[in-house]
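What follows is calculated from the coordinates using simple rules that are stated; it is not laboratory data. None of the values given here were measured: they were computed from a predicted structure. Counting neighbours? That spans all protein chains shown, and the Cβs are built from the backbone with ideal geometry, glycine included.
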Amino acid sequence: MEVITLAVHEVLAALADENRRNILLKLKKGKISSGDLAAALGVTPQALSYHLAKLKKADLIYETRYKNFIYYELNLSILDETILWMNELRGGTDCEN
């Protein structure tokens, strides 16, 4: 249970920032390159890199490289685990069963 709690802490910390939530909303539409993501959000590459690092640390996104491009996509399984943990916290289904 402690491992799940630590992962949930990282996820909630990452989701606390509006810029990172906006990145996740863009990634909801599918895989996107870092350059296209920065342009779509109107942020500098440096700012985007900072937020992407936080999202990667929380395991909320995947990074793949193709030639000179880096692409990002959502890792929905981490969101599912977080939702299960929150449901347990509310008194719902137990995560450890």
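Of the helices (runs of 4 or more DSSP H) entirely within the range 1-75, those holding at least 1 residues that are under 30 Å from Glu88 (Cα atoms), under 10 Å from the mean Cα position of the chain (by Cα) and touching a residue at least 24 places away in the same chain (Cβ under 8 Å) occupy 2-15, 18-27, 45-57. In the set Ile70, Ile61, Ile32, only one residue is within 23 Å of Asn87 (Cα to Cα) and not charged (D, E, K, R); that residue is Ile61.
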